[in-house]
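Heads up, the thing below is written out as structure tokens.
We did not get these values from a lab; they are worked out from the coordinates using the rules stated. It should be emphasised that the depicted structure is a prediction, and the values quoted were computed from it without experimental measurement. Cβ atoms come from the backbone with ideal geometry, glycine included; neighbour counts cover every protein chain shown.
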Amino acid sequence: MVSAEFKKHFTILAILTIALALVPFILGFNQYYILLAATSLIFAVFVVAWNIIGGYAGQLDLAPIAYVGIGGIVAAQLLKYYGITPWIGMFIGAGASMLLAAAIGYPTFRFGIKEVWYALLTASLVVILNNIAHLPQFLGSLDHYLPAKTGWYYLIFTDYQNLYYVILAVLIATIVINLKISNSKTGYYLRAIREDELAAEALGIDVRKYKLKALMTYAGIMGFTGYLYIVLQGTYSYHTFDSPTSLTIAIMGIIGGLGSVAGAFTSAIFLKTVEEYLRSTIGATIPGLYLLIYGILLIVVGIFKPEGIAALFNWAKKKIGFDRRGG
Amino acid sequence: MSDAILQVRNVVKRFGGIIAVNNISFDVREGEILGLIGPNGAGKTTLFNCITGIYTPEEGKVYFMGEDITGLPPHKIALKGIARTWQKTRPFKKMTVLEAVTVGVLLRTSNVDKAMREAEEILKFIGFPEEKINALGKDITLMDHKMVDLARAIATKPKLLLLDEVAAGLRPHEMDRLAGILRKINSEKRITMIVVEHVMRFVMGLSERIVVMHEGQKIAEGRPEEIANNPKVIEAYLGTKPV
């Protein structure tokens, strides 16, 4: 039996997919704009995946780029040195990220590290990985390049639209996973944990297990997408573990509204597009202006609408609901 | 005793140099409502936390349906069939009332649609105002919170329910309503209860037996009218009679 809720989500998702699929056509296959669009799209993947740990489970995880980096670099190295196609490498990368998540999450949740301390711990994870990757035994100080080959085997293309569609597919899959979680027992349990851990535990929820499940799911998606991120970036190095990028993903998630898939998606697309636009127009005169804008937006969201962009959707939904009842 | 659903045996819990619960033993009989009273700081909530696994007692044992549950984590104790409510309500503020109760039901099923329908029935059973079941946790009144807390707890299908100062902060007519709901849960759902309470009128009218704690120790146990006339209890509450 297909529920009405599912049908509604399916319709919205179908419209969204078609709309996003048309973007390269609307942009007239201008390669630069498609690159920007693909970048926005990949950040939407990150933010929607982050919503699982940050939004549903309520853990302020500031290490998204750690999982992106590990997964991406593993897949890239496998391709470079062993000729293994990223179609396999991305899954291995996802596995590597999940292993890292388990290694971080198990002791962290075991000893009840949460809130600010969890945020600090995860933020430092990015810095630690950055330093480790910098060691000569690992990536050293050089930039690493993907093999100078193109084709579906490598997921490297001369045109950006193919990559755009691959990322779109990953995004749709991520949204579907998110909605599945949201409407499942796991989703209810994660939200209960976010609201009150002690009360959740007294209702029979194995808090540690569910937090770890959320962390590993999110890390897996991040790790899987990592290779595509590296393809977009063109190179990889210890710089891939970039703290500001990591924070940006969490900030986008917060501005979007914790626990809202639509909010996370909109926030990522909107903010990333604005960021890229500002960078291309006045980036040379006022570099880093977008960070200031993020800061201001965070304050605005904090003061007026802690529910973030999601509040706008709820408001619209209510309006439509009332109109129907009234009409 | 075969009809004891919960057996507390010589439980001791210390915090640094303070003995919060000192060598407490008592039984809870299947199907009864047991009152647990005592002045502030008597150790009632600490004892609750020892039973529900939030604290592990330093000494002593807790048996539930004949099984040693001492030191099990809270979620495992909930799974065994002990549920609780909180002195200070712990609402899921950004979830609706219905969703919060659904979380409780999901302990015994994984089917969300089924769980939601069951949650609706439970809310109806305890008489929660129907128009408010889709309200967010942050938008409802204290009495509503107490009822959601209660609904959430009985949604886990417990055999034993621990109520920590459930009447605190309520108006007299709200208390009477709550007492009625508790009696209905006790008789129709066959859930045994321990009621920790400060409000004498409430607990005296509700419980069949009462255990009195004072400074971590059990000072009396018996039927409400016996307790009300027990000199030790009067002394604990009011101090020594001037001679």
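Points worth noting:
- For chain A, the Stokes-Einstein estimate of translational diffusion at 25 °C and a viscosity of 0.890 mPa s comes to 120 µm²/s, using the Kirkwood hydrodynamic radius over alpha-carbon pairs.
- Residue-span extension gain [A:ALA103 to A:THR285] - 0.36 nm each, minus C-alpha spacing: 61.2 nm
- Cα gyration tensor, the range A:1-74 - rounded (a/c under 1.5), prolate or oblate: oblate
- Chain B - percent relative contact order, Cα under 8 Å, separation 6 or more: 26 percent
- Cross-link partners for A:LYS180 among the aspartates and glutamates, with Cα-Cα distance under 13 Å and sequence neighbours closer than 8 places in the same chain left out: A:GLU5.
- Distance between the range B:171-198 and the range A:103-176 - C-alpha centres, whole angstrom: 54 Å
- Summed residue charge, Cβ within 11 Å of B:ALA20's Cβ, Lys/Arg positive, Asp/Glu negative: +1
- Most to least packed among A:87-95, A:116-124, B:76-84 [average Cβ atoms within 10 Å]: B:76-84, A:87-95, A:116-124
- Chain lengthening between B:SER187 and B:GLN217 when straightened (0.36 nm per residue, less Cα-Cα): 7.8 nm
- Model label zone, A:TRP152; criterion: amide N under 16 Å from point 7 Å along Cα-to-beta-carbon; scope the range A:80-104: A:85-88
- Descending semi-axes in whole angstrom, ellipsoid equivalent of the range B:46-93, from the Cα gyration tensor: 20, 13, 8
- Sorted by Cβ neighbour density within 10 Å, fewest at the top, the residues A:HIS239, B:HIS75: A:HIS239, B:HIS75
- Taking packing as the residue-averaged number of other Cβ atoms within 10 angstrom, the listed peptides A:20-31, B:194-205 run from highest to lowest as B:194-205, A:20-31.
- Shape category assigned to the protein assembly as shown from the gyration tensor of Cα positions, a/c cut at 1.5: prolate
- The alpha carbons of chain B give a radius of gyration and a Dmax of 18.0, 66 Å, in that order.
- Ranking A:HIS134, A:SER40, A:ASN162 by how far each Cα lies toward the positive end of the dipole of the protein assembly as shown (charges on Cβ) leaves A:ASN162 at the top.
- Rounded to 5, percent antiparallel among DSSP beta bridges of the protein assembly as shown: 60 percent
- Per-peptide average of other Cβ atoms within 10 Å, ordering A:275-282, A:191-198, A:43-50 highest first: A:43-50, A:191-198, A:275-282
- Partners for B:LYS232 among lysines (Cα-Cα distance below 17 Å; same-chain residues under 8 apart left out): B:LYS218, B:LYS241
- Sequence-separation-based contact order of the range A:230-286, relative, with Cα cut under 8 Å and 6+ spacing, percent: 19 percent
- Net charge in the neighbourhood of A:PHE109 (other residues with Cβ under 11 Å of its Cβ; Lys, Arg +1, Asp, Glu -1) is +4.
- Over 26 Å between alpha carbons, listed pairs A:LYS305/B:LYS124; B:LYS13/B:LYS80; A:LYS318/B:LYS146; B:LYS157/B:LYS184; B:LYS13/B:LYS76; A:LYS114/B:LYS93: A:LYS305/B:LYS124; A:LYS318/B:LYS146
- For chain A, the relative contact order is 31 percent, taking Cα pairs closer than 8 Å that sit 6 or more residues apart in sequence and dividing their mean separation by the residue count.
- Cα-based shape type of the range A:154-293, given that a ≥ b ≥ c are square roots of the gyration tensor eigenvalues and the cut on a/c is 1.5: prolate
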